[in-house]
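Shown next, in C-alpha cells, is the structure this report addresses.
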Amino acid sequence: MVSRASPTRVLVLCDDYWHPAPRICAGLAPQEEQGFTFDWIEHAGEWSAERMAQYSVVLLTKSNEVSSTDKTSWVTAENESVFLDYVQSGNGLLVIHSGLAQYRDLRLMRGLAGGAFASHPPQCPVTIEPRKEHPVTAGIELFTVFDEHYMIDFDDQGADVFLTTTSEHSTQPGGWTRSEGKGRVCVLSPAHNLEAWLHPAFQRLINNALRWCARSE
C-alpha cells in the first residue's frame, strides 16, 4: 500500500449524460484509502493543457460531451493532440468505460486508446475474466456483474489484452494496456452501474491499473 503521506494525485475527467459525476465519485471513493487522491473536472470547460500537465496520471471516464447537461462535443483537434503529447512524453492515461464512448470518429483519441466503444445490448450479466500474470490482474479471479456489455472496435492488435468480457451476446476485449511513446495507456471497458464499480474485484482492477499507469506497481 502506498503511504498516505504521499498519495498519487490523479486528475479525473468525468460527467456526461449517461454517466453522471456522482456515480463516478462514489465508484472511486474507496481508492482514496489506497494511496490515491483525486482532483475532478466535470465540466469540460474547466479542462486545459496547462492543468492536465500538473498530473502524471489522468483518468478519463467521460464521453465526448461537455457535461451531463450539455451534450455538445468537447474534444477538438487541438485537444486530441494535447492528450497524445501528454502520454507520449511519459505520463499515464487510464480510460474507463465511458472514456471509450463517442470517440469512435476521433482519430487521435481512438488511436491513443487502441479502440473505441461501438455499441452495447441491454444490460445483462457480464462475466469478466482476467488473464493471469499481468500486473493489472494481480489478485483478481473471474467475476460476474450486471452491467452494460460494451462491444468494442478494437484497433491495436499489438495491445496487451489482460481482460475479456463475456455475456450471452459475445466475448469482447475488456481490458488492455499499450505504450504510446514514453507513456502508458490502460483501458477498462466496464463499468456502467455503481454496483459494478464497487465490486471488490473491479476495485482491485482500478487500483492495479492506476498503479501501472503511475509506474508504482
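Every number in this text was worked out from the coordinates using simple rules, so none of it is lab data. Only a predicted model underlies this, so the values are computations on that prediction, with no experimental measurement involved. Methodologically, a virtual Cβ is constructed for each residue, glycine included, from the backbone with ideal geometry; neighbour enumeration extends over all protein chains shown.
Measuring nothing but how far apart in sequence close Cα pairs (under 8 Å, 6+ apart) lie, relative to its length, region 3-155 scores a relative contact order of 19 percent.
Fewest-first ordering of LYS132, LYS62 by other beta carbons within 10 Å of each residue's beta carbon gives LYS132, LYS62. For the pair HIS43 and TRP18, the difference between a 0.36 nm per residue extended length and the Cα-Cα distance amounts to 7.6 nm.
Bridges between two residues of the chain, per DSSP, are antiparallel at a rate of about 60%. Of the DSSP H helices in the chain, those with a Cα length along their own long axis of 18 Å or more and a mean Kyte-Doolittle hydropathy reaching -0.5 comprise 200-213. Ordering GLN203, LEU106, SER189 by the projection of their Cα atoms onto the charge dipole of the chain, which places +1 on the Cβ of Lys and Arg and -1 on the Cβ of Asp and Glu, puts GLN203 at the extreme positive end.
Let me make sure I get this right: for region 80-187, a, b and c are the square roots of the gyration tensor eigenvalues over alpha carbons, sorted descending. Under 1.5 in a/c it's rounded, otherwise prolate if a/b > b/c, else oblate. Which is it? Oblate. Kindly identify region 8-213 as rounded, prolate or oblate by the Cα gyration tensor criterion: order the square roots of the eigenvalues as a ≥ b ≥ c, call it rounded if a/c is under 1.5, otherwise compare a/b with b/c, prolate if a/b is larger, else oblate. The shape class here is rounded. The fewest-to-most ranking of VAL58, VAL126, VAL187 by surrounding Cβ atoms within 10 Å reads VAL58, VAL126, VAL187. Taking N as the residue count of region 99-149, its C-alpha radius of gyration divided by 2.2 N^0.38 Å amounts to 1.42. Computed over region 11-81, the convex hull of the alpha-carbon atoms projects to a mean area of 4.8 nm². Using the Cβ of MET109 as centre and a radius below 14 Å, the other residues enclosed give a net charge of -4, where K and R count +1 and D and E count -1. Counting neighbouring beta carbons within 10 Å and listing from fewest to most, the residues GLU195, GLU50 come out as GLU50, GLU195.
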